[in-house]
Each structure stands twice: as structure tokens, then as C-alpha cells.
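**Student:** Dumping the structure here so I can ask a few things about it.
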Amino acid sequence: TTLSLSTGSSILSALQDLFWLSKSKVEKQLQIISVLQWVLTFLVMGIACTLILMYILCTDCWAIAALYLAWLVFDWNTPKKGGRRSQWVRNWAIWRYFRDYFPIRLVKTHNLLTTRNYIFGYHPHGIMGLGAFCNFSTEATGVSQKFPGIRPYLATLAGNFRMPILRDYLMSGGICPVNRDSIDYILSKNGSGNAIIIVVGGAAESLNCTPGKNSVTLKNRKGFVKLALQHGADLVPVYSFGENEVYKQVIFEEGSWGRWVQKKFQKHIGFAPCIFHGRGLFSSNTWGLLPYSKPITTVVGEPITIPKIYNPSQKEIDFYHSMYVNSLIKLFDKYKSKFGLPETEVLEVN
């Protein structure tokens, strides 16, 4: 009897181990699927949806495409007026799997007043701004719980909002165009408690992102400071440790043909084509489009109180820009050792 009880206990234990192993594997696969769908959304959804819509127009189902196009014309200016966010979409379970793949964390250092509006400067851009998306366009890391009463709006290329279906998908997450009309509306006609997240370095910064490098394109980026002054919106530095670690990129030297092509794209289209790779779908030892599962920790710094000056002088813009740069460097230096960097690491400001 003792032997049978012992054998039964061993079998039960083995089955439990097998169950947890399979659950772990299922969770890992769900994490991979969640990240893959976002990468494909980022890279091809806009073009794919445009081509599909054009194809449907040439079929017997043309009326469906025509109705959507009519809706598109009617709804054209919605992205410029704060968009159409959906708490349901922002709370999808898929974003929690997305978060856990890396994992991604959001660190709050100071409270934000709901009576003020804010411009968050997000650094660095990375290849796809994965930390910016997960932290501010979904509820996976608890942004609404950490900053109650604050509505985050992640600003991205205005061209994305000309793409059918993609525009609606982006707006559902609280993503808006990074243009003057959109920012002016959110900061002046949408009440208080708004936070626009601008990836300040943009396409130029993405060209230099590579594992082990902590550099930001900021010295001559002053437009966001001018906007903050014109609206009296407080500036908040944000640094994402690990954003540059998730993809490996071929960096073209200044003056090379590759960099020339990238800069031409950046100037005329608004984005710079990067040659990069991550891991494969089935193995981390092969090349593919999936990012490497490296931790990304986004630290939201202390807000800088900005006065409202409708027509700020260059001297005033330079003063607050300098204050912002110093604040970002202090934020980096304070937290770098906590998130895997040596004390000797210096943030390079270009």
C-alpha cells in the first residue's frame, strides 16, 4: 500500500511538472505571437490594408470598400482632434503578453498634476519605439494607475493616419499624429491632464541605435520646447533603458552611400529605412524580425514647470531646452546602474 501511494504520488508530481511546463510553453508562444503581430503592424499593415482595399474595389464587394472610403473622407480630421481611443483595445490581454516577452516596465519617479498638460520627451527612439508603444498606448504596464487622471497620447508620423484601417487601429490606442494641428488641439482644446509623448530624436536617432549605445539626438531639437512654452505645458524627460538592445542594426558611416539613401528617405518621406535584424520565429539563434527578449525599463522623470509664453524668444527657448537636456542627463545618471549599466556610462547627446 505504501509502495502504491508512493508510485501514485510520483506520477501525480510528474503530471503536475508536465502541466506547468506546457503552460509555460504556451505562454511563451503567446508572447511571441503578440510581438509578431505588432512588428507586422509596424512594418506592413498600412500598405497591406491599402492594397486590399484597392483589390476589393475591383470585385463584386466594391460597395464595402466604397462605404469605408466615404467614412474615411468624413472622418479624415479625427486624428488631429485627439483621435478615438478605446479603453477596451488598450486593455487587450495581448498587450500583457507583449509586455512579458521582453519584459517591459514603467517606472514612476514623481506625481503629475491633473491640472496641467505635459509634453513627455521619449528617448531613445530605437528601431520601433517598443517601450513607448507598450507603456503609453496600452495599459499593460499600468500607466493609468501610476498616473491617475493623465491621458497619454503617443505621437507618431502623420503619414500613418492616411493609411486605411491602420489609422483606426492606431487611434484606438491613443496614438496621434506628430504635427502642429494635433498637438495644438490636445494641449489647448482638450482640457487638462493630457500628456503628449514625442520621440524627440525621431528618424535621425533611429539610424544610430545599436546595442550597447546610449545616445540621443537632442542638441538641435527645440521645436517641442517651443510648443511647450506656447501652451504652458510642462516638460517631462523620459528615458528607456534597453530600447536599443532589442535589435541589431547595420550602421552606415557618415558620407557613405547607405547613409545618403537613408537621409534622402528621412527628408522626403519622414522615416529612415534601417537595415536591422532580431531573432527568428522558432529560434533565438537565427535571424528574423522578432526583437530579442531583452528587458526595457522606461523611467518617467521629474516634470519641469514651463510658463506660458505665446511668442517665446530664441533665448527663452534655448534656456528651457538647456534645462531639459540637463534634467535628462541627471535622470540617466541616477538610474543607469539600477538597470544594468556601469557607473562610468555616459549619455551621449548629439
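The values are calculated or read from the model by the stated rules, or taken from the named source; none is laboratory data. Since the model is a prediction, treat every value here as computed from it, not as a measurement. We place every Cβ from the backbone using ideal geometry, glycine too, and count neighbours over all the protein chains shown. Note: accessible area is taken over every heavy atom of the protein model, side chains too, but ligands, DNA and RNA are not part of it. Shrake-Rupley method; radii C 1.70, N 1.55, O 1.52, S 1.80 Å.
**Student:** List the aspartates and glutamates whose alpha-carbon lies under 19 Å from that of LYS146, not counting same-chain residues fewer than 8 positions away?
**Tutor:** ASP100, ASP234, GLU302
**Student:** Next question. Once you've got the GNM for the chain with C-alpha springs shorter than 10 Å, pick whichever of ILE32, ILE52, ILE186 has the biggest mean-square fluctuation.
**Tutor:** For the chain, modelled as a Gaussian network with Cα springs under 10 Å, the answer is ILE52.
**Student:** Per residue of the chain, what 222 nm ellipticity follows from adding -39500 (n - 2.57) for every DSSP H run with n ≥ 4, rounded to the nearest 500? Can you show the working numbers first?
**Tutor:** On the way: 13 runs with 153 residues, N = 350.
Mean residue ellipticity at 222 nm (helix-derived): -13500 deg cm²/dmol.
**Student:** Counting only protein heavy atoms, what percent of the accessible surface of the chain is carbon or sulfur at a 1.4 Å probe?
**Tutor:** Values: 10980 of 17830 Å².
Of the solvent-accessible surface of the chain, carbon and sulfur hold 62 percent.
**Student:** If you don't mind, there's one more thing I want to ask. Give the distance, in whole Å, between the Cα centre of region 274-350 and the Cα centre of region 61-106.
**Tutor:** Each part's Cα centre sits 26 Å from the other's.
**Student:** Rounded to the nearest 5, what % of DSSP beta bridges with both residues in the chain are antiparallel? Present the calculation step by step, with values, prior to reporting the outcome.
**Tutor:** On the way: 10 of 35 bridges.
Once the DSSP bridges in the chain are tallied, antiparallel ones form about 30 percent.
**Student:** Once phi is turned into ³J(HN,Hα) by the Karplus curve 6.51 cos²θ - 1.76 cosθ + 1.60 with θ = phi - 60°, what whole-Hz value does each residue of region 119-124 show in order, with x for glycine and proline?
**Tutor:** Per-residue couplings from phi come out as 10, 8, x, 9, 9, x Hz.
**Student:** I've got another one for you. Classify region 197-340 from the C-alpha gyration tensor, please: rounded if a/c falls under 1.5, else prolate or oblate depending on whether a/b exceeds b/c. Please list the in-between numbers first.
**Tutor:** On the way: a/c = 2.64, a/b = 1.52, b/c = 1.73.
It comes out oblate by the Cα gyration axes.
**Student:** To continue, here is another question. Near LEU170, within a Cβ-to-Cβ distance under 11 Å, what is the net charge of the other residues, with Lys and Arg +1 and Asp and Glu -1?
**Tutor:** Details: positive: ARG84, ARG85, ARG167; negative: ASP168.
Taking every other residue near LEU170 into account, the sum is +2.
**Student:** A follow-up question, please. Could you work out the local net charge near TYR101, counting Lys and Arg as +1, Asp and Glu as -1, over the other residues with Cβ closer than 13 Å to its Cβ? Each step should come with its number before you reach the end.
**Tutor:** Details: positive: LYS28, ARG96, ARG99, ARG105, ARG279, LYS294; negative: GLU27, ASP100.
Value of the local net charge: +4.
**Student:** Compute the convex hull volume of the Cα atoms of the chain, divide it by the residue count, and report the result per residue in Å³ as a whole number.
**Tutor:** So the per-residue hull volume is 202 Å³.
**Student:** Accessible area per residue for region 106-246 in Å², computed with a 1.4 Å probe and the full protein assembly in place, what is it? It would help to have the intermediate numbers written out before the result.
**Tutor:** Values: 4090 Å² over 141 residues.
For region 106-246, the solvent-accessible area averages 29 Å² per residue.
**Student:** Please enumerate, by chain and number, the aspartates and glutamates with C-alpha under 16 Å from the C-alpha of LYS219, excluding those fewer than 8 residues away in the same chain.
**Tutor:** Counting by Cα, and skipping residues close in sequence, LYS219 has these aspartates and glutamates nearby: GLU205, GLU316, ASP318, GLU348.
**Student:** Over the Cα atoms of region 282-350, what radius of gyration and what Dmax do you get, in Å?
**Tutor:** Radius of gyration, then largest Cα-Cα span, for region 282-350: 18.2, 55 Å.
**Student:** What is the magnitude of the charge dipole of region 132-281 about its Cα centre, with +1 placed on the Cβ of each Lys and Arg, -1 on the Cβ of each Asp and Glu, and no other charges, expressed in debye to the nearest 20? Before the final figure, lay out the partial values.
**Tutor:** Details: 17 positive and 10 negative charges, 73 e Å.
Dipole size: approximately 340 debye.
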